[in-house]
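Any read-out appearing in this document is the output of simple, stated calculations on the displayed coordinates, not a laboratory observation. Fair warning: this is a prediction, and the values are worked out from it, not measured in the lab. Cβ atoms come from the backbone with ideal geometry, glycine included; neighbour counts cover every protein chain shown.
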Amino acid sequence: MTLMTEHLTEAHRLTLLPPYATAQLEVLRSAAEANGLTCIDLGIGSPDQPTPKAVIERMIEAIQDPSNHRYPAFRGKPAFRRAIAEWYRRHYNVELDPDKEVLPLIGSKEGLAKLALAFVNPGDVVIVPDPSYPVHQRGTILAGGELCLVPLRAEREFLPDWAEVPATMLAKARLLFYNFPNNPTAAVAPRTFHEETVEFARKNDLILVHDLAYAELAFDGYRPTSLLEIPGAKDRGVEFHTMSKTYNMAGWRCGFAVGNARVLEQLYRVKTNMDYGIFGAIQDAAISALSLPQSHIEQLIAKYQRRRDVMVAGLESLGWKLERPKATMYVWAPVPPPLTSYDFVADVINRTGVIFTPGSGFGAAGEGFFRVSLVAEEHILKEAIARLHQAKIRYPA
Ligand SMILES: *Cc1c(COP(=O)(O)O)cnc(C)c1O
């Protein structure tokens, strides 16, 4: 008997999405574990440390409060929005209207995807660097838009050259997404690059979307620039932040967008139709996170910086030549030729149980590289390097 399953066929938009790299890694991991290997997962960028104790304690208190048991307000709690505006003033000396220029999010990924839904019509072009954090590209695909990918190349220190956007694409472009310190390349952008980007967006009437997920995770004294520090940026720009990385709160799902009030208003409209905002107790806890003493950040930075140094030194002992990334929780390294990034990562998992992410998982221009997430303690990173040595995995001279 033939079953009628036509009605179970997915919508066209889903067929346009490339496979998610983390899903492919899961298959490789299962195979390695079936072969008796204990995996060391440096693939996904999920912080391994616990949420700070003060934040958990605030959460325990806040969860007892019945006012937090109802549907939360769409716009988030006024106290949370004020705490975000104050954090911005402290960090960047930028003034934000907490009612109009701040919008709490259920993690920044949610907001980035919905922003595309708010502004992209079928056929509109969205400019996104390649490789990129997946949702920067995928929100546009889900919204029926067309991507104009601008490659990040090692020769340009992984800064996109906006002059590469063809004029025909530029005429149809509505939005530009970008992200520095960058996931996955760990590159940082000088302030002048942000200024050029604001000028490019102004000239071409683009909405500018900057993802500052690694606002705090910077080393050797480097301080990342906020888009909103650039004069004129707020006329057309919004910036996305997450509590996931700085405060080890990835599982809590909490982030925020700030910047242009009209852009945020449309994002808010999409959200009112699709979600109910963040659990009130999580917002109370997030307020306490934003006012943690600077020593929390300093310890976090010191930990990731030591891990970075262990991983870079380890890869160098295997023949790689790398610069120490100035920010993020990643090391981005070239794949030994002639392997593709996927084949290299698969081979490493099969033979050592060490999991990296293939660069191609972040877009075609990520081919030739792999990403190491610094989400394990130093001795585990050393163990990963020892396994690579034993398997004679090297970068040829
Ligand atoms: C980790 C990360 C995020 C965080 O997303 P959440 O949904 O807030 O957890 C956003 N953007 C980039 C570039 C990231 O690396």
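Do we have any residue at all in region 263-275 that's within 30 Å of A397 (Cβ to Cβ), within 16 Å of the ligand (Cβ to nearest atom) and surrounded by fewer than 21 Cβ atoms within 10 Å (Cβ to Cβ)?
Taking every residue of region 263-275 in turn, none turns out to be within 30 Å of A397 (Cβ to Cβ), within 16 Å of the ligand (Cβ to nearest atom) and surrounded by fewer than 21 Cβ atoms within 10 Å (Cβ to Cβ).
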* List, please: which pairs have Cβ atoms under 7 Å, are six or more places apart or on different chains, and start with a residue in region 100-124 that is in a strand (DSSP E or B) and end with one that is away from the ligand (no atom under 16 Å from the Cβ) and of a type in the set (D, E, K, R)? -> V102/R81; L103/R75; P104/R81
* To do: Residue by residue through region 218-241, note down the ones that are surrounded by fewer than 24 Cβ atoms within 10 Å (Cβ to Cβ) and either free of Cβ contacts under 8 Å to residues at least 40 places away in the same chain or within 16 Å of the ligand (Cβ to nearest atom) (or both).
  => A218, G221, R223, P224, T225, S226, I230, P231, G232, D235, R236
* **Unique match (being crowded, with 24+ Cβ neighbours inside 10 Å and under 28 Å from P160 (Cβ atoms)) among V375, V312, V331** => V331
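Every residue, every condition in (1) over 23 Å from Y133 (Cβ atoms); (2) over 23 Å from the mean Cα position of the chain (by Cα), yes or no:
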{"site": "P337", "(1), (2)": "yes, yes"}
{"site": "T340", "(1), (2)": "no, yes"}
{"site": "N350", "(1), (2)": "yes, yes"}
{"site": "G366", "(1), (2)": "no, no"}
{"site": "S373", "(1), (2)": "no, no"}
{"site": "A376", "(1), (2)": "no, no"}
{"site": "H379", "(1), (2)": "yes, yes"}
* Within region 129-161, tally of residues that are in contact with a Ser or Thr (Cβ under 7 Å, 6 or more places away or on another chain) and either closer than 26 Å to K271 by Cβ or more than 16 Å from the ligand (Cβ to nearest atom) (or both) -> 1
* Asked: Looking at V335, V354, which is the one that is among the aliphatic types (A, V, I, L, M) and closer than 14 Å to Y395 by Cβ?
  -> V335
* Asked: What tally of residues in region 176-193 results from selecting those that are within 16 Å of the ligand (Cβ to nearest atom) and under 16 Å from V128 (Cα atoms)?
  -> 12
* Could you figure out which of (1) touching a helix residue (DSSP H, G or I) at 6+ places or on another chain (Cβ under 6 Å); (2) in a loop (DSSP other than H, G, I, E, B) isn't true of A73? => (1)
* Structure fact -> Within region 213-263, residues polar (S, T, N, Q), within 18 Å of the chain's Cα centre (by Cα) and assigned to a loop (DSSP other than H, G, I, E, B) come out as T225, S226, S244, T246, N248
